[in-house]
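The values are calculated or read from the model by the stated rules, or taken from the named source; none is laboratory data. Model, not experiment: these values are computed from the prediction. Here the Cβ positions follow ideal geometry from the backbone for every residue, glycine too, while neighbour counts run over all protein chains shown. Accessible surface areas use protein heavy atoms only, side chains included; no ligands, DNA or RNA. Shrake-Rupley method; radii C 1.70, N 1.55, O 1.52, S 1.80 Å.
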Amino acid sequence: MAVPCLSDESDDKIGGRIMRESVLEVPGARLRYAVRGEGPLLLLVAGGHHGVDANEPLARHLADQYTVLTYDRRGLSGSTTDAPATTLATHADDVSRLLAALTPEPALVYGTSLGALISLELTAGHPGQVAAVVAHEPPVTQLLPEPARALALGQLLTVEETFRTRGAAPAMRRFAADIDIDPTDCEPDVPARTPGPDHLRNAEAHLTHDLAAIRAHVLDMTALKGSRTRVVPAAGENSGHVWPHTCAAMLAGELGTPLETFPGGHNGYLFRPRGTAERIRAVLGSRP
């Protein structure tokens, strides 16, 4: 079993609590991860080209009740790789190894967008490691009825083509427009996000590998339905007009469970971290 590389550990005081940062060796990559807080282990899996840094505000609001685990996917920010992930199964295996290195008990998981799809793949493939999972607007395109499925796949292809012909920045703007990312739909004390030094490199990795992986991915619904893991489909209260919201609603229908509503739109965890934390507490509670 892979073990944490403790020599890379560092401590940062965040919000009155200690954040412990370390690195885990996995096949083909080294994953940067951070742990903070006390209580049941709660893994946050970010969407898009985001990771530890983007999840920091949400983690800070949850650290009084949970041991919050965040990480950078392979190839993003503090995680390095010589074998980029071309399937979501690789990302799910990375998460499985990370959880195995940190706890023998099933964990709570909150994933959003691509992170939600990775979380569902983890649940289907490694159900014993997940006690409950909140899947916020997972892009499970296989569940969409036509013509909505064709529209969603066409939008992803257009973003990939924009990346090839015009570069990462225009492609990410197109991607954000397609799923109606609205930075003004935010809590009043959330500062405006400014691109960090890894922004462009992370975006390029996301556009090169992840969008194609989303288009090709087929979630094992039989395994998901047969798992004893509690699966909670969720969607933004302001994103009913975009296809990832529809994916969440279709997933809820397939599983015969209610669709939980979360604050904001598709990226509510970034712009409404306090409200998102409150909803996570309400949905998951304090025990696995």
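Listed conditions (1) open to solvent by 10 Å² or more (accessible area, probe 1.4 Å); (2) within 30 Å of R60 (Cβ to Cβ); (3) of a type in the set (S, T, Y); (4) assigned to a helix (DSSP H, G or I) are all met by T257, apart from (4). All of A148, A83, A101, A131 fail the test of being under 18 Å from A235 (Cα atoms), open to solvent by 10 Å² or more (accessible area, probe 1.4 Å) and not β-branched (V, I, T), apart from A148. Of the residues making up the range 260-288, those that are under 25 Å from Q129 (Cβ atoms), free of Cβ contacts under 8 Å to residues at least 60 places away in the same chain and open to solvent by 30 Å² or more (accessible area, probe 1.4 Å) are R279, A282. Can we say M250 is more than 26 Å from A63 (Cα to Cα), touching a residue at least 12 places away in the same chain (Cβ under 8 Å) and open to solvent by 60 Å² or more (accessible area, probe 1.4 Å)? For M250, the condition - more than 26 Å from A63 (Cα to Cα), touching a residue at least 12 places away in the same chain (Cβ under 8 Å) and open to solvent by 60 Å² or more (accessible area, probe 1.4 Å) - is met. Within the set A282, A249, A234, the sole residue that is in a strand (DSSP E or B) and at pLDDT 95 or above turns out to be A234. Of the listed requirements (1) open to solvent by 10 Å² or more (accessible area, probe 1.4 Å); (2) hydroxyl-bearing (S, T, Y); (3) farther than 15 Å from L219 by Cβ; (4) modelled with pLDDT of 95 or more, Y110 misses just one: (1).
Here E137 does not qualify as surrounded by fewer than 24 Cβ atoms within 10 Å (Cβ to Cβ), among the acidic types (D, E) and either without any contact (Cβ under 8 Å) to a residue 60 or more places away in the chain or within 21 Å of S239 (Cα to Cα) (or both).
Restricting attention to the range 219-231, and to residues there that are outside any loop (DSSP other than H, G, I, E, B) and touching a strand residue (DSSP E or B) at 6+ places or on another chain (Cβ under 6 Å), which single residue is surrounded by the most Cβ atoms within 10 Å (Cβ to Cβ)?
That would be V231.
Within the range 193-218, the set of residues being of a type outside the set (K, R), part of a loop (DSSP other than H, G, I, E, B) and either touching a helix residue (DSSP H, G or I) at 6+ places or on another chain (Cβ under 6 Å) or open to solvent by 90 Å² or more (accessible area, probe 1.4 Å) (or both) comprises T194, P195, P197, H217, V218.
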